[in-house]
1. Based on what the data block shows, is Tyr56 touching a residue at least 12 places away in the same chain (Cβ under 8 Å), out of contact with any helix residue (DSSP H, G or I) (no Cβ under 8 Å at 6 or more places or on another chain), over 30 Å from Glu132 (Cβ atoms) and among the hydroxyl-bearing types (Ser, Thr, Tyr)?
2. Those residues that are exposed (fewer than 13 other Cβ atoms within 10 Å of the Cβ) and in contact with a Lys or Arg (Cβ under 8 Å, 6 or more places away or on another chain), I need them from the range 193-211; list them, please.
3. Got a number for residues in the range 167-191 being under 26 Å from Leu13 (Cβ atoms) and free of Cβ contacts under 8 Å to residues at least 24 places away in the same chain?
4. Take the residues in the range 147-192 that are within 13 Å of Val28 (Cα to Cα) and hydroxyl-bearing (Ser, Thr, Tyr); name whichever of them is surrounded by the most Cβ atoms within 10 Å (Cβ to Cβ).
5. Looking at (1) in contact with a Gly (Cβ under 9 Å, 6 or more places away or on another chain); (2) of a type outside the set (Lys, Arg); (3) touching a residue at least 40 places away in the same chain (Cβ under 8 Å), which one does Leu88 not meet, given that it meets all the others?
6. Could you name every one of the strands (runs of 3 or more DSSP E) located completely within the range 1-101 that has at least 1 residues being at positive phi?
7. When the residues of the range 29-78 are narrowed to those that are surrounded by 13 or more Cβ atoms within 10 Å (Cβ to Cβ), out of contact with any Leu (no Cβ under 9 Å at 6 or more places or on another chain) and of a type in the set (Asp, Glu), which ends up farthest from Arg96 (Cα to Cα)?
Amino acid sequence: MVVATSKRSVMTLYSGANDMFSHQVRLVLAEKGVAADIVEVDPSSFPEELAELNPYNTVPTLVDRELVLYEASIIMEYVDERFPHPPLMPVYPVARAQSRLMMTRVVKDWYFLANQIMQNKNVDANRQSLEESLISIASVFSSQTFFMSDEFTLLDCTICALLWRLPELGIKFAPNVGKPIETYMKTIFHRQGFKNSLTHAEREINVGYIL
């Protein structure tokens, strides 16, 4: 994976090669043009130092000098505040709160269903639930340039990490039904930051998109 290096940093990110939460953070770093040492963690053999840094021994984990952060949402907001240009959160408090709430819903609802599918738990039912949930708000994807905003935000980072994995989840929208979502996906997936955020394993998921 290549991360843009226009800004110097001493950050180290422990990241899964095909992990939605790690992908979110890598995308924020790439969009910000922040250099970071990416330590790709094998899920079957986590490095000893990770357990020493993070009591939950999970990815993503970010180390910035003496600071250690875990939980993707916390890491993303920290990076956004530490490197404020371009900003990836809305300016106004109400819009920021709405964005945070939607990110929470995406993780609790869509990520949960996606993880159930990946773990082979009630696959057909969970796949149907996820597809129907996405289609039910398809119009939101086309109401503004990005999701709930005319600017690319952390909410987009959260959503597109899941949408990139739709082929892996066995979800393919019927003609025209998911057109607003597919248009949104093309907009996001062709951003240079998104391309730079992908690991080799993640590129293999969605080879249908020309990167």
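1. Numbers: touching a residue at least 12 places away in the same chain (Cβ under 8 Å): yes; out of contact with any helix residue (DSSP H, G or I) (no Cβ under 8 Å at 6 or more places or on another chain): yes; over 30 Å from Glu132 (Cβ atoms): yes; among the hydroxyl-bearing types (Ser, Thr, Tyr): yes.
In short, yes.
2. As a first pass, look at the range 193-211 and keep what is exposed (fewer than 13 other Cβ atoms within 10 Å of the Cβ): 200, 204, 207-208, 210-211.
Matches in the range 193-211: Leu211 only.
3. Of the range 167-191, the ones under 26 Å from Leu13 (Cβ atoms) are 167-169, 185, 187-191.
Still in the running and free of Cβ contacts under 8 Å to residues at least 24 places away in the same chain: 190.
Qualifying residue count, the range 167-191: 1.
4. Ranking the qualifying residues of the range 147-192, first place goes to Thr158.
5. If we test Leu88 against (1) in contact with a Gly (Cβ under 9 Å, 6 or more places away or on another chain); (2) of a type outside the set (Lys, Arg); (3) touching a residue at least 40 places away in the same chain (Cβ under 8 Å), just (1) comes out false.
6. On the way: elements: 11-16, 37-41, 61-64, 67-70.
Filter on the range 1-101 gives an empty set.
7. Ranking the qualifying residues of the range 29-78, first place goes to Glu49.
Yes or no, residue by residue, for (1) at pLDDT 95 or above; (2) over 24 Å from Arg191 (Cα atoms):
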{"residue": "Ser6", "(1), (2)": "no, no"}
{"residue": "Asp19", "(1), (2)": "yes, no"}
{"residue": "Val25", "(1), (2)": "yes, no"}
{"residue": "Val28", "(1), (2)": "yes, no"}
{"residue": "Lys32", "(1), (2)": "yes, no"}
{"residue": "Pro43", "(1), (2)": "no, yes"}
{"residue": "Ala72", "(1), (2)": "yes, no"}
{"residue": "Leu101", "(1), (2)": "yes, yes"}
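The values are calculated or read from the model by the stated rules, or taken from the named source; none is laboratory data. Everything quoted here is computed from the prediction, not taken from an experiment. Every residue, glycine as well, gets a Cβ built from its backbone with ideal geometry; the counts of neighbours run over all protein chains shown.
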